[in-house]
Amino acid sequence: MRDSIMKGEPFGQNVFAQQSSREVFDQVQMRKGAIGIIGVSWISADMRTRDMSRDERIKSLQEQDTTVADFDPAVKVLKVRRDDQLRAYKPYQAYIYDGTYPLFRSMYMITTGVNGSLSHGFYSFVTGTIGQKIIQRTGILPARVQPRMVYLE
């Protein structure tokens with residue numbers, strides 16, 4: 001954050017690091033006026049599945065709706081803008097995808113497992129349709145975006 005947000009400058013006196021994203025979320029939830037920076041999957045309303053049973057999670061994955069349009073109501077999600085932009089954006093997948101939401105990082109998955117090995121099988125699962133759907137449901141932008149057309153009448 002020092003590099004990305006502060007441009008190399010030190011943090012102020014009222015800036016505190018936490019040990020985990022859960023601690024950041026909890027601190028922001030408890031303290032009015034506090035601002036925290038965590039991954040979008042922590043504020044995605046769809047993360048309610050973490051409290052579901054295995055069978056309930058499987059059933060929810062079988063549903064066709066993969067859009068994550070709401071954030072956890074326990075905290076307020078702020079809009080962010082680049083220095084040269086007038087408009088600010090929330091971390092919706094579309095804004096992460098087109099680069100208008102400025103706070104993002106790329107994640108890479110690399111395997112040296114040979115075809116047929118357990119590690120290569122896991123890699124194939126994560127990078128396949130179902131694995132990418134799971135990633136999309138957390139609010140994180142998947143590597144392969146599955147286009148979906150919705151017609152409103």
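The values are calculated or read from the model by the stated rules, or taken from the named source; none is laboratory data. No experiment lies behind these values; they were computed from the predicted model shown. Virtual Cβ from ideal backbone geometry, glycine too; neighbours counted across all protein chains shown. To get the accessible areas, we keep the full protein, side chains included, count just its heavy atoms, and leave off ligands, DNA and RNA. Shrake-Rupley method; radii C 1.70, N 1.55, O 1.52, S 1.80 Å.
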Under 7 Å between Cβ atoms, which residue pairs at least 6 apart in sequence (or on different chains) link something in the range 53-82 that is closer than 25 Å to PHE25 by Cα and at pLDDT below 70 with a partner that is of a type in the set (Ser, Thr, Tyr) and outside any helix (DSSP H, G or I)?
VAL68/SER44
If I filter the range 115-148 down to residues being open to solvent by 100 Å² or more (accessible area, probe 1.4 Å) and over 22 Å from the mean Cα position of the chain (by Cα), which single residue comes out as farthest from GLY39 (Cα to Cα)?
ASN115
Which of the residues that make up the range 29-43 are in contact (Cβ under 8 Å) with a residue 40 or more places away in the chain, within 17 Å of the chain's Cα centre (by Cα) and not in a loop (DSSP other than H, G, I, E, B)?
VAL40, SER41
